[in-house]
Amino acid sequence: MKFVQNVFLLGYMLIVALFFVCGVGLIILAGVETWQALDPRDNFKVRERFELILECVGLLTIAVASLELGQTVLEKEVQRSVNISAPTRVRRFLSRFLIVVVVSLSIECLIGVFQFMHGRPEYLPHAASIGVAAAAILATWGMFVRMNVEAEKLEPHSMNDVMAEDREVER
């Protein structure tokens, strides 16, 4: 049993490392692309520079999502001995994950609107559908949290356990 736990722990650590490597790689790519967009020696038009910078924002958004997901997996699977069946822990884990997803989708929607507004307005419905998806996820998440409050009342000690784990991890 201990061997299986160690294998899972190594797997989670590999996943965390890959999330962090991907996040840092995207940050580097965004930096290179930002430099290309702002380099006065290149003969780009202002609109082309604007689109390159918007792509950088998209890369950085995905990088933040990758780093945040890596941190979430690290805290949930490596630093804590978590019983994921407790409603409080499930809600907290899903909340962290969905925050990343909703913010990333919202930023991607905004980037899409900026890109397509002047150049290709026929693609605006595609960008809007990303915003609608983000809003639907946010509304569904709110309903989940609201309904989960009742389940937490059945296990008041779970919140105390989670808060104790938080203090332990923060040290």
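Side notes on the structure shown:
- Selection from the range 35-65 of residues that are among the β-branched types (Val, Ile, Thr) and open to solvent by less than 50 Å² (accessible area, probe 1.4 Å): Thr61
- Condition check for Val132: among the β-branched types (Val, Ile, Thr), at pLDDT 75 or above and open to solvent by 60 Å² or more (accessible area, probe 1.4 Å): yes
- Candidate set from the range 66-102 (those that are modelled with pLDDT of 90 or more and of a type in the set (A, V, I, L, M, F, W, C)); member that is most open to solvent (accessible area, probe 1.4 Å): Leu67
The values are calculated or read from the model by the stated rules, or taken from the named source; none is laboratory data. Worth saying up front: this structure is predicted, and the values here are computed from it rather than measured. Keep in mind that these areas ignore ligands, DNA and RNA; they rest on the heavy atoms of the full protein, side chains included. Shrake-Rupley method; radii C 1.70, N 1.55, O 1.52, S 1.80 Å.
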